[in-house]
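Quick note: the coordinates plus some simple rules give every number you see, no bench work behind them. Because the structure is predicted, anything quoted here is derived from the model rather than measured. Positions of Cβ are generated from backbone atoms using ideal geometry, with glycine treated the same way; all protein chains shown enter the neighbour counts.
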Amino acid sequence: MTETAQRPRSTRRKAPTSTTETKKLTPQERAAFGKAARAKAPLEAHAEFKAAKTRDPVALLLSQAKTRVPELVPIRYGRMLVSPFAFYRGAALIMAADLHTTPTPGLRAQLCGDAHLSNFGGYASPERRLVFDINDFDETLPGPFEWDVKRLAASLVVAGRDNGFSSKELRNLAVRSVEGYRSAMRSFATQTILTVWYAHADVENAIADFRSTLTRRTLKEGKTRIKATDRLVAKARTRDSLQAIAKLTTLVDGRRRIISDPPLVVPLAELTGFDIDELQRRLRDLLGTYRRTLQFDRRALLGHFTLADIAHKVVGVGSVGTRAWILLLESGVEAEALLLQAKQAQPSVLADYAGKSVFAQQGERVVSGQRLMQATSDIFLGWLRTRPSEGAGEDYYVRQLRDWKVSAVIEQMDPRSMEAYGRLCGWTLARAHARSGDRIVIGAYLGKSAKFDNAVADFAETYADQNERDYADLSAAVKAGRVEAQTGV
């Protein structure tokens, strides 16, 4: 790409090579740079995907097992075998390797890295609003912006197929979600960065906006589903630390303890192969290092609590096998307690394809990416690194276990509600990218037409086919004894 193609002839400045450099240009120059990027990767080129001949999705999954808890890895594969969409949720590494082979204009932003449909949801803001945002950042890393968009669009097609939608309905889902992203990005390109920074989506407002588009007949026909949605939102407000404490803990000899439910929840006292007293001492020390990653006022708040109990917990689908701990903290006041989750952070699945993180501490990578992409984040979000006497240290990020957290029930969505949900996810993803990437450059690259929308929809349909083949490959590997899977857990 020549300098002349990238910017007006009147300027002699060197062509920018990074987002930081493009932000030093005028808005007009940034827009020209974005349009010029189409020479490197035409909008229609985003439809392209061709599986490499040496591609082995099962081998990629097995490579991740090397750094995970061996006895939990079969649970991961068992959960992935539930359906093609469950497989897709656990196959972020496979897709990262595939996206690396696709055309890119080289326009980067902070990526979620695993922006599928189920990694969006509602949670409480510090101001106690129920907000909608991306809620999983295990794989966050800077990279080509379109990788997140393609993972989102393909997830809609995969999930829609699981729900039995028609080909026409599936196509519409993909197109509308990408359109939601593109139109939002172009809108953010016209706004000040402070306006973008403060933008957020309230769950109740999003639901009200969706209902306003429905006819009386549609509202009447969907009355049962609408009531179920209202109940889900109401239930979210009860899913706080106190509710989690009531569900996950019990009183033993007058002291609150985490309830054992092996292999999913195993209290520290039941873990074998550890010196429990020494491990408890070390964990208390680690809480001190975690505190230092919080803002001063939040450190003061955490100072009201002391560690009371610890348990190991199995979480998610793709995350199964990485370590996750529940930390029960109490203040000494009856019914005043806090549940934190410390989740192991390993290098992002994008690292081999988009470049290594600038953060050597993987927990800090996750937290920094989350704070950059989310409109508002958990007040207890922080990180720590264990330092065992033998072997390498393990990195963790820490957050509240529950705080009004709610996820859409994808399996119960009809085509219309999934379309609205996909558009909301597209808007949310664009807002997250606009905070870190150059919104003006990306918006200009995407343009006014639907070329990008349709190209990514083509990719999504093709990739959904590939996902089904990969799902079949894992099933075959289990039957052949190459992979051990534990189902029903």
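Roughly speaking, what is the stretch gain from VAL315 to ALA51, that is 0.36 nm per residue apart minus the C-alpha to C-alpha distance, in nm to one decimal?
92.0 nm
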Where a ≥ b ≥ c are root eigenvalues of the Cα gyration tensor, a/c under 1.5 meaning rounded, otherwise prolate if a/b exceeds b/c and oblate otherwise, the range 323-402 counts as oblate
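ASP253 to SER475: extension gain in nm, 0.36 nm per residue of separation minus the Cα-Cα distance?
Details: separation 222, 0.36 × 222 = 79.92 nm, distance 4.71 nm.
Full extension of this stretch gives 75.2 nm more.
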In the range 335-489, what is the volume of the convex hull around the alpha carbon atoms, normalised per residue and reported in Å³? 232 Å³
So the FRET efficiency between ARG416 and GLN191, C-beta based with R0 = 35 Å and rounded to 0.05, is 0.75
Top positive-direction residue, dipole computed over the range 241-400 with Cβ charges, set TYR397, SER331, ILE259: TYR397
Which whole-Hz couplings ³J(HN,Hα) result when phi for each residue of the range 70-82 is put into the Karplus expression 6.51 cos²θ - 1.76 cosθ + 1.60, θ = phi - 60°, listed in order with x for Gly and Pro? x, 6, 9, 4, x, 5, 4, 5, x, 5, 5, 7, 4
Enumerate the calculated ³J(HN,Hα) couplings along the range 410-426 in order (Karplus 6.51 cos²θ - 1.76 cosθ + 1.60, θ = phi - 60°), each rounded to whole Hz, writing x wherever the residue is Gly or Pro. 4, 5, 9, 7, 8, x, 5, 5, 5, 4, 5, 5, x, 5, 5, 5, x
Please arrange TYR421, TYR396, TYR198 by how many other C-beta atoms lie within 10 Å of their C-beta, fewest to most. TYR198, TYR421, TYR396
Quick one: 3J(HN,Hα) in Hz for the range 183-190, Karplus 6.51/-1.76/1.60 with θ = phi - 60°, rounded, Gly and Pro as x. 5, 5, 5, 5, 5, 5, 5, 8
For the range 241-400, what relative contact order do you get, as a whole percent, if you take Cα pairs closer than 8 Å and at least 6 residues apart? 21 percent
In terms of the Cα gyration tensor, with a ≥ b ≥ c the square roots of its eigenvalues, is the range 241-400 rounded because a/c is under 1.5, prolate because a/b exceeds b/c, or oblate? prolate
Determine the dipole magnitude for the range 241-400: charges of +1 sit on the beta-carbon of Lys and Arg, -1 on that of Asp and Glu, nothing else is charged, the reference point is the Cα centre, and the result goes in debye to the nearest 20. 440 debye
Among VAL73, GLY90, VAL58, the residue whose Cα sits farthest towards the positive end of the charge dipole of the range 43-122 (+1 at Cβ of Lys and Arg, -1 at Cβ of Asp and Glu, taken about the Cα centre) is VAL73
List every residue whose amide H lies under 5 Å from the amide H of ASP309, counting only residues 5 or more places away in sequence or on a different chain, with H placed 1.01 Å from N in the peptide plane. LEU328
When LYS66, LYS247 are ordered from fewest to most other Cβ atoms inside 10 Å of their Cβ, what list results? LYS66, LYS247
On a full-extension model of 0.36 nm per residue, what is the gain between HIS304 and LYS24, subtracting their alpha-carbon distance, rounded to one decimal in nm? 96.3 nm
Counting other beta carbons within 10 Å of each residue's own, what order do LYS479, LYS23 fall into, fewest first? LYS479, LYS23
Just going by the charge dipole of the range 241-400, with Lys and Arg at +1 and Asp and Glu at -1 on Cβ, which of ILE310, ALA269, ILE379 is farthest out on the positive end? ILE379
